[in-house]
Amino acid sequence: PPRVLVLTGGIGSGKSTFARAFEALGVPCIDADALARTVHQDPAHPATLQIARAFPQAMAADGRLARGTLRSIFALDADANEELKRILRPAVLALAAEWTRRQQTPYVVWESALAMDQALPATRVLVVDAAYRNRAARIALRNPDWTRAQVAGVVAMQLARADYLARADDVVENDGTLDEVRVLTEQLHRKYTDLWS
Ligand code: ATP
């Protein structure tokens, strides 16, 4: 099976932007956070049932998790957020591993804000890092209704920057233009292709 490059970093750092750049070079990418959503939107999934027991206030009448409610509970409640991740992580890992076995390239990218590397033998961890002001500006752009304090709160709730960096095999700075993202991704891709082909 392909090697796994875990592509991680704080909210607004630019994970998805780099994932798209790897995809443009032919590297299959999977978004672990999107996988988590497919899990908790499935009312019959054991993880969803576990979440329903832990957070009955987040359930809609149809047995699904109410997206909006979920977001407001978890965006600003660090303990609930931890518990949700703890429940979802094994289900997400299983799906991602199954997908990876079906790919035929030397390596694949798992994009995730979760610390997937702790639960799995990731071949390598690439952390996207960016200056706080750039991250805050990107988050604000995407969530125009959030106050400055909410933006700061969401950034603070995530793993500290030092924790991400401590796990990194490689760090890439995303403080420049999208053209720079492309160039940096090409450099990384050459390195991984040399390592793993
Ligand atoms: P999240 O954790 O919120 O999903 P993320 O780390 O995946 O965030 P992205 O979605 O890649 O971050 O980036 C956040 C926003 O910032 C996006 O709208 C993206 O287009 C923009 N952005 C990211 N990097 C750059 C850059 N180098 N130049 C300009 N815009 C950028």
Exercise for the section: Report yes if some residue within segment 155-167 is within 15 Å of A19 (Cα to Cα), loosely packed, with under 15 Cβ neighbours inside 10 Å and touching a residue at least 12 places away in the same chain (Cβ under 8 Å); otherwise report no. Expected result: no
Problem - Sole exception among (1) away from the ligand (no atom under 16 Å from the Cβ); (2) in a helix (DSSP H, G or I); (3) at pLDDT 85 or above for Q57, by number - result: (3)
Practice task
Out of the residues in segment 170-197 that are more than 24 Å from P2 (Cβ to Cβ) and not in a helix (DSSP H, G or I), state the one that is farthest from the ligand (Cβ to nearest atom).
Solution key: E173
Exercise for the section: Go through A156, A166 for me and flag whichever is more than 15 Å from V6 (Cβ to Cβ) and at pLDDT below 90. Expected result: A156
Practice task
Give me the pairs, please: first residue somewhere in segment 51-62 and under 13 Å from H40 (Cβ atoms), second residue anywhere and of a type in the set (S, T, Y) and surrounded by 10 or more Cβ atoms within 10 Å (Cβ to Cβ), beta-carbon distance under 6 Å, and either six or more positions apart or on two chains.
Solution key: A58/T69
Practice task
Residue by residue through segment 1-46, note down the ones that are over 15 Å from L95 (Cα atoms), part of a helix (DSSP H, G or I) and within 11 Å of the ligand (Cβ to nearest atom).
Solution key: K15, S16, T17, F18, A19, R20, A21
Completion exercise
The condition from (1) touching a strand residue (DSSP E or B) at 6+ places or on another chain (Cβ under 6 Å); (2) under 30 Å from A78 (Cα atoms); (3) crowded, with 16+ Cβ neighbours inside 10 Å that L184 misses is numbered (2)
Practice task
Search segment 124-146 for residues being in contact with a helix residue (DSSP H, G or I) (Cβ under 6 Å, 6 or more places away or on another chain) and part of a strand (DSSP E or B), and hand back the single one that is surrounded by the fewest Cβ atoms within 10 Å (Cβ to Cβ).
Solution key: V125
Exercise for the section: Under 8 Å between Cβ atoms, at least 6 apart or on separate chains: pull out the pairs that start in segment 11-40 with a residue that is free of Cβ contacts under 8 Å to residues at least 24 places away in the same chain and end on any residue that is small (G, A, S) and buried (at least 22 other Cβ atoms within 10 Å of the Cβ). Expected result: none
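The values are calculated or read from the model by the stated rules, or taken from the named source; none is laboratory data. Because the structure is predicted, anything quoted here is derived from the model rather than measured. Cβ coordinates were reconstructed from backbone atoms using ideal geometry, including for glycine residues, and neighbour counts include every protein chain displayed.
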